[in-house]
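Chemist: The structure that follows is given in the form of structure tokens.
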Amino acid sequence: MTEPRAAAVRRPQHLHVLVLVLGVAVAAVVVIFMLATGGSSSTPSAKSGPTIVSQAQLEQFAGTLDYPVYWAGPKAGYSYELTAANGRVWVRYLPRGVNAGDPRPNFLVVGTYKQTGSFAGLRRAAKQPDSVSERIPDGGLLVYNSARPASVYFGYPGVKYQVEVYAPSPERARSLVMAGKATPVR
């Protein structure tokens, strides 16, 4: 009668070993996945420092907000650096070999800023000395300061956000907006 009791005691030990082996296998798969995806499979939070993201991660992040996130569309050979804080989101285009957080102002950046009264703010800015403004399609307004023409701001009536396009070349910043290339992430 002692033999069945000994077998009953051994079975739970075998079960514990099986659970332990399974847990180690799952952990190994997670580590391999993290290494293969650059360390993160998650979407950055609404308050994150500069992070390189894929287009899919950018789209997923944009879907978590109650306002659109603008960008200049996909660009081959570039990484997308996403930074978000306090209702402000920046998408920066970094060429190969440039790391997230690079301090140089050499790169295209599209910022989306959540704010009530954003269109009225653009109209006020358009009346300031050194301001240049133009109407854009859909009743929008483009505004920039002639002393800092590399940053172009635009918005539309009735929305609670404003968009900034910065490019090292002021002509490029304006042409992206005027050509309708700065659009919401889909």
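Chemist: Limited to the stretch 127-186, what total is found for residues that are more than 21 Å from the chain's Cα centre (by Cα) and on the phi > 0 side of the Ramachandran plot?
Modeler: 4
Chemist: Ok, one more. Somewhere in the stretch 49-63, is a residue in a strand (DSSP E or B) and modelled with pLDDT under 95? If you could, list the steps in order and put the result at the bottom.
Modeler: So the first thing to find is which residues in the stretch 49-63 are in a strand (DSSP E or B), and the list is 49-53.
Applying the additional criterion that residues be modelled with pLDDT under 95 yields 49.
Yes, some residue in the stretch 49-63 is in a strand (DSSP E or B) and modelled with pLDDT under 95.
Chemist: Still on this structure, I have one more. With the stretch 69-150 as the region, which strands (runs of 3 or more DSSP E) entirely inside it contain at least 2 residues that are modelled with pLDDT under 95?
Modeler: Working: elements: 78-85, 88-95, 109-114, 131-136, 140-145.
Hits in the stretch 69-150: none.
Chemist: Looking at the stretch 107-133, I want the residues that are under 16 Å from V159 (Cβ atoms) and have a partner that is charged (D, E, K, R) and in a loop (DSSP other than H, G, I, E, B) with Cβ atoms under 6 Å, at least 6 apart or on another chain. Which pairs are those?
Modeler: T116/K160
Chemist: Could you grab me the full set of residues in the stretch 72-87 that are within 24 Å of A179 (Cβ to Cβ) and either surrounded by 12 or more Cβ atoms within 10 Å (Cβ to Cβ) or touching a Leu at 6+ places or on another chain (Cβ under 7 Å) (or both)? Spell out the reasoning first.
Modeler: Residues of the stretch 72-87 that are within 24 Å of A179 (Cβ to Cβ), as a first pass: 72-82.
Listed by number, the residues that qualify are A72, G73, K75, Y78, S79, Y80, E81, L82.
Chemist: Separate question: Can you tell which of R104, R92, R96 is under 22 Å from P184 (Cα atoms) and assigned by TED's automatic domain parsing to the domain that holds Q162? Give the derivation first.
Modeler: Working: R104 fails: under 22 Å from P184 (Cα atoms); R96 fails: under 22 Å from P184 (Cα atoms).
Among R104, R92, R96, only R92 is under 22 Å from P184 (Cα atoms) and assigned by TED's automatic domain parsing to the domain that holds Q162.
The values are calculated or read from the model by the stated rules, or taken from the named source; none is laboratory data. Bear in mind that the values here come from a model prediction, so they are computed numbers and not experimental data. Because the Cβ atoms are built from the backbone with ideal geometry, glycine has one as well, and the counts that use them run over all protein chains shown.
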